[in-house]
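Visitor: Dropping a structure here in structure tokens format, bear with me for questions.
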Amino acid sequence: MSDNKNFSPENRTMKNMLVTGGAGFIGSNFIRLVFHKPEFTGRIINLDKLTYAGNAESLGDVASIYGNRYVFVHGDIRDSALLEKIFMEYEIDTVVHFAAESHVDRSIEGPAEFIQTNINGTFSLLETARKIWKDRADVLFHHVSTDEVYGSLGETGYFYETTPYDPRSPYSASKAGSDHLVSAYHHTFGLPITMSNCSNNYGPYQFPEKLIPLMISNIRQEKPLPVYGDGKNIRDWLYVDDHNEAIWQIIHKGINGETYNIGGENEWENIRLVETLCEIMAEKLNRPMDDVKKLITYVKDRPGHDRRYAINCDKIKRTLGWKQKYNFETGLRATVDWYLSHDAWVQSIQSGEYQKWMEKNYRER
């Protein structure tokens, strides 16, 4: 696989799409979005290890609605034999690679799993694609990454696609390593790839350890709302459907070998975000504002905590015509409403009922 001159968006088949990590937060929302596209008439194979953050229940209705157009495979992206079987059996022509360990705190507590999944897992996928696809010009490997690989910004400036990598945590270092592998397979072997680096996502089906669903859950239960350091770390927030729409545009129109930044252009200090959630939740739960805000608790800062992330996404807007549809107030309120109306899903995750459900319904392939 060395001559990539014929690899272009017009040639892509996209009849059998392998989505890795499709039972996770962003992946499950992506699968829903794709099936809602009338122009997509193909099949999605969802490969997920179902770790603590993956939930096959999130796509239970998709399985019932789309029948054999949706296939769930319980397995590990590091399993080369399984990957080869999937590629051959389902005639995979497109990979959208979400599967990753993704929580910074967990990477500080235990880096090994991040190296195994994010680097070795990506390597296994790349090797399988290279072996099976050979010199095909109608295929694509899309790799989903993060803005955290760029490091930390000061009070001004933005991350661009050309910004040098400067990861500061085991998580971001493992994602940077996987990004470099994908790029290397393109340049060395001619593998047709695209990549995207996104800012912080929020929306439905996000595991409750992440900031927004954690705060929603803790406010409901009147538990402390932990805020790192002085609370003035800044993140750029992107609604999950906007992110997935960008990926859809990339896999259809993105140029082979190119990277696209996807941002919300929506910077918030952590403390301001938590205070806003307090205000929305106080209104929704009919509680006194002061009673909710007094739950805010400042805690010792995370080691190597990046101060500010901000993405410039002019490239994808200019070249692919993508733009955000959700402003932050609309997206945040929709997210709060979703969690408040999906008690059973939240409780199953937090109580361990999900693991029992998974063990009953899925077995290792």
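The values are calculated or read from the model by the stated rules, or taken from the named source; none is laboratory data. Fair warning: this is a prediction, and the values are worked out from it, not measured in the lab. Backbone-built Cβ (ideal geometry, glycine too); neighbour counts: all protein chains shown.
Visitor: Could you list all residues from segment 309-330 that are within 29 Å of Ile216 (Cα to Cα), buried (at least 17 other Cβ atoms within 10 Å of the Cβ) and either among the β-branched types (Val, Ile, Thr) or at pLDDT below 95 (or both)?
Guide: Those that are within 29 Å of Ile216 (Cα to Cα), buried (at least 17 other Cβ atoms within 10 Å of the Cβ) and either among the β-branched types (Val, Ile, Thr) or at pLDDT below 95 (or both): Tyr309, Ala310, Ile311, Tyr326, Phe328.
Visitor: Only one of (1) of a type in the set (Gly, Ala, Ser); (2) touching a Ser or Thr at 6+ places or on another chain (Cβ under 6 Å); (3) closer than 22 Å to Trp248 by Cβ fails for Ser124. Which number is that?
Guide: The single condition Ser124 does not satisfy is (3).
Visitor: State which residue is nearest to Asp76 (Cα to Cα) when the search covers only segment 1-27 and only residues that are at pLDDT below 95 and among the polar types (S, T, N, Q).
Guide: The residue in question is Thr13.
Visitor: Going through Tyr298, Tyr239 one at a time, which residue ends up being in contact with a helix residue (DSSP H, G or I) (Cβ under 8 Å, 6 or more places away or on another chain) and among the hydroxyl-bearing types (Ser, Thr, Tyr)? Spell out the reasoning first.
Guide: Details: Tyr298 fails: in contact with a helix residue (DSSP H, G or I) (Cβ under 8 Å, 6 or more places away or on another chain).
One residue alone meets the criteria, Tyr239.
Visitor: Shifting gears a bit: Can you confirm whether segment 266-282 contains a residue that is at positive phi, in contact with a Pro (Cβ under 9 Å, 6 or more places away or on another chain) and surrounded by fewer than 18 Cβ atoms within 10 Å (Cβ to Cβ)?
Guide: If we filter segment 266-282 for residues that are at positive phi, which is where we start, we get none.
No, segment 266-282 contains no residue that is at positive phi, in contact with a Pro (Cβ under 9 Å, 6 or more places away or on another chain) and surrounded by fewer than 18 Cβ atoms within 10 Å (Cβ to Cβ).
Visitor: Of the residues Gly231, Gly190, Gly257, only one is at positive phi, in contact with a helix residue (DSSP H, G or I) (Cβ under 6 Å, 6 or more places away or on another chain) and at pLDDT 95 or above; which?
Guide: Working: Gly231 fails: at pLDDT 95 or above; Gly190 fails: in contact with a helix residue (DSSP H, G or I) (Cβ under 6 Å, 6 or more places away or on another chain).
Answer to the check: Gly257.
Visitor: What's the total number of residues in segment 100-116 that are surrounded by 22 or more Cβ atoms within 10 Å (Cβ to Cβ) and closer than 23 Å to Thr188 by Cβ?
Guide: Residues flagged as surrounded by 22 or more Cβ atoms within 10 Å (Cβ to Cβ) and closer than 23 Å to Thr188 by Cβ within segment 100-116 amount to 1.
Visitor: Count, please, the residues in segment 129-153 that happen to be closer than 13 Å to Leu181 by Cβ and either of a type in the set (Val, Ile, Thr) or assigned to a helix (DSSP H, G or I) (or both).
Guide: Residues of segment 129-153 that are closer than 13 Å to Leu181 by Cβ, as a first pass: 129-130, 141, 143, 145, 149.
Narrowing the set further to residues that are either of a type in the set (Val, Ile, Thr) or assigned to a helix (DSSP H, G or I) (or both) leaves 129-130, 149.
Residues flagged as closer than 13 Å to Leu181 by Cβ and either of a type in the set (Val, Ile, Thr) or assigned to a helix (DSSP H, G or I) (or both) within segment 129-153 amount to 3.
Visitor: Quick check on my filter: what residues within segment 281-311 are over 15 Å from Val227 (Cα atoms) and in contact with a Gly (Cβ under 6 Å, 6 or more places away or on another chain)?
Guide: Ile311
Visitor: Let me ask something else. What are the pairs, 6+ residues apart or on separate chains, where a residue within segment 157-183 that is closer than 18 Å to Arg307 by Cβ and surrounded by fewer than 21 Cβ atoms within 10 Å (Cβ to Cβ) has its Cβ under 6 Å from a residue that is aromatic (Phe, Trp, Tyr) and modelled with pLDDT of 95 or more?
Guide: Thr163/Tyr150
Visitor: Within the set of pairs 6 or more residues apart or between chains, which connect a residue that is in contact (Cβ under 8 Å) with a residue 12 or more places away in the chain and hydroxyl-bearing (Ser, Thr, Tyr) inside segment 283-308 to a residue that is surrounded by 14 or more Cβ atoms within 10 Å (Cβ to Cβ) and assigned to a strand (DSSP E or B) with Cβ atoms less than 9 Å apart?
Guide: Matching pairs, first to second residue: Thr297/Leu225; Thr297/Pro226; Thr297/Val227; Tyr298/Pro226; Tyr298/Val227; Tyr298/Tyr228.
Visitor: To continue, here is another question. Starting from residues that are β-branched (Val, Ile, Thr) and over 22 Å from Ser348 (Cβ atoms), keep the ones in segment 20-71 and report whichever is farthest from the chain's Cα centre (by Cα).
Guide: First, the residues of segment 20-71 that are β-branched (Val, Ile, Thr): 20, 26, 31, 34, 41, 44-45, 51, 62, 65, 71.
Filter again for over 22 Å from Ser348 (Cβ atoms), leaving 20, 34, 41, 44-45, 71.
Numbers: Thr20: 10, Val34: 15, Thr41: 24, Ile44: 17, Ile45: 17, Val71: 20 Å.
Ranking the candidates gives Thr41 first.
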